[in-house]
């Protein structure tokens, strides 16, 4: 019985992908936001970046299937560990097959991520925002200062199944209750990176920090608001979405200034939550005009 449960969970990826392609499944209004972290390390040093989810549907996710591309000339991957939001009880529910819930593989160019449970009890599904994964690795000793390995969220590079021709094009975030009761959620991937630094970079960083500190006092002034300018650099762009996603996801390093908090309330609900992130992303995707920012 348990074997059948886990097999149904893994097959759910194929089911949800095919249903999504056919346009027959239900889908949520807001995408699941996947934010991949950034690090700057010197050649030979180890790094650790998180993969955080925001706007996770309260109904939960039973099936996750995506990949992260990277540059193997710059970094090597040493490990991938599940984060706190994946501690759902699904492992215990699957019994002796609980260890098959999560699989990852480093192909040398791509990190493949699969999390799937056959449990139909949604209390065992991922239903909270926070850290899904922590990726560890090492900067190649031959890497040069200024080199960058982009960490790009993509579909897994695999042939379509059961057809051998063509490539998979699906990033899957789904809730699977049964063969016909499937909800697919779109995913918005915010890419990360591992950059290679040097002693020169360290000096430059010190100078930049001084400049940022000087600007910080201005950021705390709640006047002259620019809705969406979360990091208070007088522009509204994807960097603001990244910073807001980390703040909403509970990243303790993504602290907003007083002005940043005002600017971040783009949904005008007097709090900073996934609604603000969703509205900011819709603006960046040109789905709504800037005049909608800061309005309920």
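Under a crude label model (7 Å from the Cα following the beta-carbon direction), how far is residue 72 from residue 144 in nanometres?
2.2 nm
At 0.890 mPa s and 25 °C, plugging the Kirkwood radius over alpha-carbon pairs of region 41-142 into Stokes-Einstein gives what diffusion coefficient in µm²/s?
Diffusion coefficient, whole number: 167 µm²/s.
Once fully extended, how much extra length lies between residue 270 and residue 58, figured as 0.36 nm per residue of separation less the alpha-carbon to alpha-carbon distance?
Separation in residues times 0.36 nm, less the Cα-Cα distance, equals 74.2 nm.
Ranking request for peptides 240-247, 174-181, 134-141: highest mean number of other beta-carbon atoms within 10 Å first, then the rest in descending order.
240-247, 134-141, 174-181
If I take R0 = 35 Å and measure r between the Cβ atoms of residue 157 and residue 181 in this structure, what FRET efficiency does the formula 1/(1 + (r/R0)^6) give, to the nearest 0.05?
0.75
What is the Cα centroid distance between region 103-159 and region 252-293, reported in whole angstrom?
27 Å
How do the peptides 109-122, 82-95 rank, highest first, by the average count of neighbouring beta carbon atoms within 10 Å per residue? Before the final figure, lay out the partial values.
Details: 109-122: 20.5, 82-95: 17.0.
Listed from highest to lowest mean packing, they are 109-122, 82-95.
Highest mean first, what order results for 38-46, 148-156 on Cβ atoms within 10 Å?
The most tightly packed comes first, giving 148-156, 38-46.
For a Förster distance of 41 Å, can you work out the FRET efficiency between the beta-carbons of residue 295 and residue 81, rounded to the nearest 0.05?
Numbers: r = 41 Å, r/R0 = 0.99.
That pair, residue 295 with residue 81, gives E of 0.50.
With labels modelled as points extended 7 Å from the Cα through the Cβ direction, what inter-label distance (nm, one decimal) is found for residue 198 paired with residue 237?
2.4 nm
Taking the number of other C-beta atoms within 10 Å as the exposure measure, put 104, 125 in order starting with the fewest.
Numbers: 104 18, 125 22.
Lowest to highest Cβ neighbour count: 104, 125.
Every read-out reported here was derived from the displayed coordinates using simple, explicitly stated rules and does not represent laboratory data. Keep in mind that this is a model prediction, so the values were computed, not measured. Here the Cβ is made from the backbone with ideal geometry for all residues, glycine too, and neighbour counts use every protein chain on show.
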